[in-house]
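Input: a single structure, listed below in C-alpha cells.
The values are calculated or read from the model by the stated rules, or taken from the named source; none is laboratory data. What you see is a predicted model; the values in this text were computed from it and never measured. A quick note on method: Cβ atoms are made from the backbone with ideal geometry, for glycine too, and the neighbour counts reach across all protein chains shown.
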Amino acid sequence: MMNVMIDTGATNTIITEEALRKTKHQKFTTSSHHTLQMADGIAHLKMMGTVDLEIKIKQMVTTITAIVVKTLFTDCIIGTDYIKKYAVQVHGGKETVTIQKGNQFVTVPMEKQVDRMKIPLRLTESVRIPP
C-alpha cells in the first residue's frame, strides 16, 4: 500500500524513488537535465528518470509510464495521462473513484489522510526573523 493522490492538474503520473524501492518494478531509466514545473509556476521537481509502473487496484492491473522524482509530498501522483487512459471518474458526493479498463470497472473509496500529509513549502522572498 502507498499514499496516492489523483491530481487532475498534473499532466504526468509521478512516483518517488523511495516509494518505487518498496515495490517490485523494473529498473527505472535515468535521465538528466530535466525538471518538472509545478502549477504554481515557481516550484520545480528534478526528474530522475521514468519507469513502467504496474498499478494494482483490487483485482485490476493497470500500467503507466511514470516520472521518478526524489521527493514529493505523497508517494505517487496519478496524473491526467492515467486518468485519460483508464477513464478515471472521481465521484465527490459518493467519495469514490472508478477506474475502467476495457469492459472492467473497479470502484474504490476515497481516503482522507490529512494528518499524514507532508506539504513542502518554499519562500519566494528572503525573510529575516529577528531574535
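Among (1) at pLDDT below 90; (2) assigned to a strand (DSSP E or B); (3) not basic (Lys, Arg), there is one condition Phe73 misses while meeting the rest; what is its number?
(2)
Quick one: in the stretch 32-63, which of the residues that are exposed (fewer than 13 other Cβ atoms within 10 Å of the Cβ) and at positive phi is modelled with the lowest pLDDT?
Looking at residues that are exposed (fewer than 13 other Cβ atoms within 10 Å of the Cβ) and at positive phi, I get Gly41.
If I filter the stretch 22-31 for residues that are part of a strand (DSSP E or B), exposed (fewer than 15 other Cβ atoms within 10 Å of the Cβ) and at pLDDT 95 or above, do I get at least one hit? Even if it seems obvious, please write down each step before you answer.
Of all residues in the stretch 22-31, those part of a strand (DSSP E or B) come to 29-30.
In the following step, the residues that additionally are exposed (fewer than 15 other Cβ atoms within 10 Å of the Cβ) were identified as 29-30.
Next, only the ones that are at pLDDT 95 or above stay: none.
No, because not a single residue in the stretch 22-31 is part of a strand (DSSP E or B), exposed (fewer than 15 other Cβ atoms within 10 Å of the Cβ) and at pLDDT 95 or above.
Taking the conditions exactly as written (small (Gly, Ala, Ser), crowded, with 17+ Cβ neighbours inside 10 Å and modelled with pLDDT of 90 or more), does Ala66 satisfy them or not?
Working: small (Gly, Ala, Ser): yes; crowded, with 17+ Cβ neighbours inside 10 Å: yes; modelled with pLDDT of 90 or more: yes.
Taking the combined requirement at face value, the residue satisfies it.
Restricting attention to the stretch 56-98, and to residues there that are of a type in the set (Gly, Ala, Ser) and under 15 Å from Ile15 (Cα atoms), which single residue is farthest from the chain's Cα centre (by Cα)?
This residue is Ala66.
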